[in-house]
Each structure stands twice: as C-alpha cells, then as structure tokens.
Amino acid sequence: GRRAGRRAGEGVAVGWSSRAESASLPRRTARTGDVPRRRPLFPGSSGRWLIKMSAQRASHEAAAGAWAGLVGTVLGYPLDVVKSRMQTGHAGVKDVPGRATFVATLGRLFLREGVSGAYRGLGPPVCMMMLMNAVNFTAFNRAKDALGVQGPLGFDPEGVKGEKTFRVEWRVVAAATSVGPLCALIGTPFELVKLQMQMETARTNAAARTNTTGVKSSSLNAVKHKNDKNVGALRFAQRLHSTYGWRVFYLGGSINVVRECLFNAVFFSTYEHVHAFGLTRSSGSSSRDMSTDSVSIATAGGLAGAAAWLANLPLDCVKSVVQGQDLRNGGWDVEKRLGRVGFNDAASSVLHTRGAFGFFSGAAPSISRSFIVSGSRFVAFAGAMRALEGDPSS
C-alpha cells in the first residue's frame, strides 16, 4: 500500500509503466498509477499524509525538471543559435542572405565565431529552461491530478465490441495548455536577452568585417562593437534595463503566451499518448526492462518535441523577428516604450521577404534539436525521479 501510495499520481515518464502494466488486470483492480486518489489510503486518515507525500513528490518533480532543463539546453543550444539566425534573417546584418540554409548557417557560425559563438548567450536559456522545466513538469502533473486523468492513457477499455480503442484524452490537452501562460511569464525575458545577444554578435561581426573592407565606420562604434562581444548575459540584461526599462523584457510577450499554450498542448499531449501507446503495446512482453523503457521514453519525447516545434514554428518565427529587432537603430519607440516591429509588421516582413515558407525558417535545426533535446530531457527527468524516489524499477 505504501509503494502504491508513493507512486500514485506520478506523471511524466515515471508513472506510466505502472498504468500500462495494469491495463491487463480486471477493471476494478486498483492501479498503482491511477490519479488522483479520492480517499485516504488508511481508514480514518485525515489526508495530511497524502498532502505531505504530494508536496514531496512535487519537490522531486521540480528538481528533476530543473536537471532535465539543464541537460537538454546544453545539448541543443548550438542548433538553437542556428535556428534563431535563420528565422531573423540575421537581422541587421547586410551581408547575409535572408534565406540562408541550415548547413550554410551552421558552417558560417563555427567558421566565423567558433565554439564560443555557438554557445554565445547560453546563460539565459540555461537558467530559463531549468526554472521553466521545474515549473511546467510540476504544474502539468498537478493539473492532471486536478482534472482526474486516469490510466491507461489513450485507450478506451470500453471501446467497440469490448476492444481497446485509441482516443485523445482531452483533459491531458487541457492540463498541458494551462501551463502555457506560466511558461511565457517566466520565459519571455530570458528569450529576449538570448535573442538580443545572438543578434548583437552577428551585427558585431558584420561591423568588424565592414571595417576591414575599408568602408567608413566611426571609431566609437568600432570600440562599442568590440566591447559588446565580451558582455555577459547579466551585464547585457542590465544594460537593456537601463536603456529601455523593464518593459523591454516582455517585448513579444503576447505572442509568446499563445506560442507556449500551443507548444505545451502538443508537446505534453503527444508525449503522454505516444508513450502510453508504446507501453500498452509492449505490456504483454516479459522482456521489458529499464533500458527498454528508457528507449521508449526517449522516442516518445523526441517525437513530442518534433511535433510541438513543427506546429509552433510560424509563431516562433514571428516572435523571433519581434524580439530580435535592432533596438539600437530605431527598433524601440522611446515615447510609447514599445518595440516598433509588432506582430503584424513581423508577419508581413517574413511573408514579403521570404514567402510562406519563411514562417518555417529554421525547421531543420528546430526539429533536429527538438528530437534530441526533448528525448534527452524526458530521459533525464525519469532518471532523476527514479533516483529521488529511491526506486530504480519505477
């Protein structure tokens, strides 16, 4: 009973094996992965034990989410830089074509800026993803509990003629969508600092190349560009705040709210359904072990990330243009304290300069990165939860 109580309510990547394995049991048999439990485990209990265990589990999920965010971000960051460069068309850089290919952009990045350039601005997204994953994994699981999501997910035991039929669990979609605004609140400032640093590096390098070709450029600008290249993320954020005020950090915020709602809805829903499908298909096999489960987690996570980014790319492209605009050279309206390039302007710019396919600029690095990062993120989360829960078989 204690083991069942401890694992009850576990969500992403950890609790599903118990749900899937219980699918073959009689319907009234208690499933260790079912959530939420409506009654105390012990007769006469006030429920305080359950509250304590729920709080402990939430803290474990937050710690595991932070670890997953660190692992995934470090692995996928160079591809994220390439994606941003392709989406913004290297905003403000005159010698770079707007429709540069993935291979050309990646090659140019490493040749001209090296490994340090590929990890330029890493600090903000690492902090963001550690915080965001700590929050969204926990919030998603608690939202599922509140909506009463039951397992085995994605399969209706009372389907046509008694056969199990696949169905989309709307409560999972709703729980995933509800995480979006919170993610946007946390992530928008970090995204803006990251994009501005990436674009600043591209503009700095372009200015340096312009100076070497003999085109006139003031010594003041040259010194400014040289100094900017070595500014850290925190110093860069402080400079943005002192120059433009706190509102600059939520430039493109409304776009990011919609983007995060869409992304999380596809991301978590795809993962839960794909992983449940794989586990239910293999539940009759006696050869399932932890390595097999890790492969299933990585595959489901990779597919979830790829699907989410594919659905999310048009909005992400517009957001990148809005947040990556050149604030120094007329991109910031001092009187209104807003960016001059809004959603309509950014969407029109992408459409006119790159066509409809421009909204999917950076698709190759985004989907490749998402498959790698999301798969590793879910595996890292599951591994951390196993370690924190002290149950290597979970």
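What follows draws every value from the coordinates through simple rules; no lab data is involved. Everything quoted here is computed from the prediction, not taken from an experiment.
Things worth noting here:
- Relative to the current alpha-carbon distance between ALA174 and THR299, full extension at 0.36 nm per residue lengthens the span by 42.7 nm.
- Backbone amide hydrogens, once placed in the peptide plane, bring LEU338 within less than 5 Å of ASP333, excluding anything fewer than 5 places away on its chain.
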